[in-house]
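What follows is a short report on a single structure.
Read-outs: derived from the displayed coordinates by stated rules, not from any lab. Remember, predicted model here, so these are calculated numbers, not experimental data. Virtual Cβ from ideal backbone geometry, glycine too; neighbours counted across all protein chains shown.
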Amino acid sequence: MRRRMDDEAVSAAIATVMLFAGTLAIISGMMVTITPMIDEMHGAIERQAMSSQMTDLAMETVRLSETGLPGDSATVPLRPHTGELGWDLQHGGPWYSASHVEGGTLRLDGVLDLDDQARFRYPTSEVSSICFDDLRGGPGALWQVRLPDIDGTWAATPVSTLELPLASTSLTIDDEGVETDVRLPYGVSLTGSVSAGGGDTWLHADDPLRVLVWRGDGGAALIAPDLAAPTDGMGRGWTLPVPGGTVSAHLVTIRPAIIEWTLGAQSGSGATSGSTAAWSGIWSAGSGDVLVLRSSAPGRLLLQWGSDAPESGSAAGSTMWPDDTGSFVGRNFSLPAASGSLLLENSATQPVTASIHGLFHMVPAQGELRVDWTSGSGDISVSGPVQLHWLADATGANAWRPGSLDLVRALDTGQASGQEHRIGVPHSNGDIDLLLQPAAPQTRVRLLTNLAPGEQSDVLLNHTGATHTARLASGASGLVRIEVNNSDASPDMPFRVYVASGSDGLTEVRSDGEGRCLHLGIRASGWVEVDLPWSDVSKLGDKGLRAAWADGTHLLGFALKLRGPLGDSPHSVLASAWGVHLPRLNYEFKSSVSGMEVGFRGGFVGTNHPEFHADVIVQPPSREGPGPRLAVTMQMTMPTADSALGNSKVDLDFTLVKRDQLTSTKAWEIRRGWDGPYGPAIAADASEDLAFSDDWLTFPGQLDLLDDHVGWVQLVPSSSESIYHAGGEPILFNLQLAQLTSSMVVVV
């Protein structure tokens, strides 16, 4: 057998291999180029498929939250392609601020970050204090009411700011660890008892309550309205339980008004009259009666209880009265036509002069003045800031504030809590108790006064602990000072002080999350950082967050008031703000890169596809005009804990639980902020019409020269904030909060 080399065959084989390798190289190169294009097309299909479904979801929730009634529900099908659905509770949400002073502007940062710090910016004037209210703005966030540690009786009834609740209010009574669950329908009151010394009694409710506490045979209290104006705390409606026996209501309004009232089976009407418009009504109330009072003009309400006539000199009760700006430290007061006496307290080192019914009285430095108030309603003006108490006792005999129970407002903030309280005591018979409660997780205070033997002058107040009670020594007099101990390591946080004198008294008890105020006393052009009087929950998971929101460890939504000197008032409301946490429904999918999403929250739909570029699909809902008007309904959609997640086909069922009116006010500037990467995109999208404004093109960034545009304006392209511009006119701003629950059920 002969062997020989076939060169042509070898060359052919090599050529075939080279051709195949070249073909593979070409195909590989094509795949490197084409695969991202295929992935991008896949991502575009994912975005298109889910953005249309999210848009339908946004339209349905907006319709339900703005026009629905409690109990209305809807179902939206969601059909994922290859991505996954999931809820995100960790992010914050939007906020709206309103400036009540021309030229003022309030900006916020980090209020909804789940930690215990926030920043604000108000460069226009000095800021004396900042106050936070926990809105309890969502299903599962309970209203927490801590009752004073006394021997007495409490009564509670549900209140509503916009719509009557669909179902009864769920109320849990925690009496020293023993819990009792009850259902409380609207228009019905529930009565219970409290006892001193054993621990605090708490009320936990899923709707707001009006709670009154009383003891003995009489008392008096200032009653907050169902919906208070942010500027002065006045209102037009009151819903409150009343003790059995003789009760009288004394109303003073800013102008003549028509009054309508119901008490049990009784009803009637009246009108305020006089130079200081006032009205009074007196009834015989039965046990469990609820008083509902409506006024056509804003005003303040004083409730008096007891059978003794004021003229007899034996009437019991005392309550602090705010000035015309709603602060409890001020210079101008409008008093109702309730006969009794007034106690003016001057904490300054210089005496002041008070004009009362045309007569001038001197209030000594760091002292008190008590005068009769028996000539009907009227106005009082003082040459310097004072705190004012209305007393049912017209004679001034016996002890200071005879038979009274009252929340003493802070001197440094003029509100329900603060870091310094001063209480004038002309003379103590040894029956005056100071009840101290923290308005924060923890704070340490010291009492600078003459205490009874065995009482502590330095006290650590813990929110999980009981109310601390301290009794004044017999014969104690002068100004009682209670202030934070800023020399120790404990945080300087606000606290509340109730004062109980004698064996009688009546007071209103507000939610524990309301009126947490910090004294500032600063003026700064830049950002000011403050410590929130709530705990840091930023490291908690979803389950821990739900628990923290439910028990009030952290705020779920907030209402904020910024106060400072304005005119002759030391604590006028300069600006207000509101914000809520909004859970976000995310649809995550892959494109040419990972991390793409389509998200829904509060009626807004956005996406970061393609390539992490934030894009607005549906703007957050707002209603504008006619004229300088702006109406916003913030909608919180809280998922149930058992909502289905993942890439399964689901039906999203959501139900409107309730809708609350947060405010209806006039403001010189309305500003909206939105957290996260979508904030600048939302602000820019809302400001698109500015491209047609000649004034803005000629003078960019100058609002004072913008006369041909009304609407949202983004001042800086990268800013997540926008301003509602109305040509320099005051804006009528209406803000509501709609609470919805949602559950996702897998479609089999």
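At a glance:
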| read-out | value |
| --- | --- |
| Pairwise label distance in nanometres, N332 with L732, each label 7 Å out on the Cα-Cβ vector | 2.5 |
| Inter-part distance where region 83-154 and region 213-281 are each reduced to a Cα centre, Å | 29 |
| Neighbour-count ranking [beta-carbon atoms within 10 angstrom, fewest first] of M50, M18, M636 | M18, M636, M50 |
| Amide hydrogen neighbours beyond the local backbone of A315, cut-off 5 Å, H modeled | A394 |
| Rel. contact order, % - alpha carbon contacts under 8 angstrom, at least six apart, region 368-465 | 17 |
| Cα gyration tensor, region 124-188 - rounded (a/c under 1.5), prolate or oblate | oblate |
| Gain in span if fully extended, L69 to E179, counting 0.36 nm per residue against the direct Cα distance | 36.4 nm |
| Modelled FRET efficiency - R0 41 Å, F612 with S170, Cβ distances, 0.05 increments | 0.40 |
| From phi via Karplus (6.51, -1.76, 1.60), per-residue ³J(HN,Hα) for region 116-127 in Hz, x at Gly/Pro | 10, 9, 8, 10, 9, 9, 9, x, 6, 7, 5, 10 |
| Karplus-derived 3J(HN,Hα), 6.51/-1.76/1.60, for each residue of region 285-290, Hz, glycine and proline x | 9, x, 5, x, 5, 10 |
| Helix runs (DSSP H) in the chain reaching 27 Å along axis by Cα, Kyte-Doolittle at least 0.0 | 7-67 |
| Förster radius 45 Å - calculated FRET efficiency between I254 and A641 (Cβ-Cβ, nearest 0.05) | 0.45 |
| Residues of region 326-362 with amide N under 17 Å of the 7 Å Cα→Cβ point at S273 | 337-338 |
| Order of K561, K666, K539 under a 10 Å beta carbon neighbour criterion, fewest first | K539, K666, K561 |
| Calculated log₁₀ intensity ratio I(q)/I(0) where the Debye formula runs over C-alpha points of region 630-706, q = 0.13, 0.23, 0.25, 0.27 Å⁻¹ | -0.74, -1.25, -1.28, -1.28 |
| Average Cα contact separation per residue, the chain, under 8 Å, 6 or more apart, as relative contact order % | 20 |
| Cβ-based exposure ranking for H581, H361, in which fewest neighbours within 10 Å come first | H361, H581 |
| Region 136-262 - percent relative contact order, Cα under 8 Å, separation 6 or more | 30 |
| Count, lysine Cα pairs under 26 Å in the chain, 8 or more residues apart or across chains | 6 |
| Modelled FRET efficiency - R0 35 Å, F360 with S125, Cβ distances, 0.05 increments | 0.70 |
| 3J(HN,Hα) from dihedral phi, region 273-281, Karplus parametrisation 6.51/-1.76/1.60, rounded to Hz, x for glycine, proline | 8, x, 4, 9, 4, 9, 8, 9, x |
| Expected 222 nm ellipticity per residue - DSSP helices of 4 or more, -39500 (n - 2.57), all of the chain, to 500 | -4000 deg cm²/dmol |
| Long-range amide H partners of D512 with built H, under 5 Å | Q144, V145, R146 |
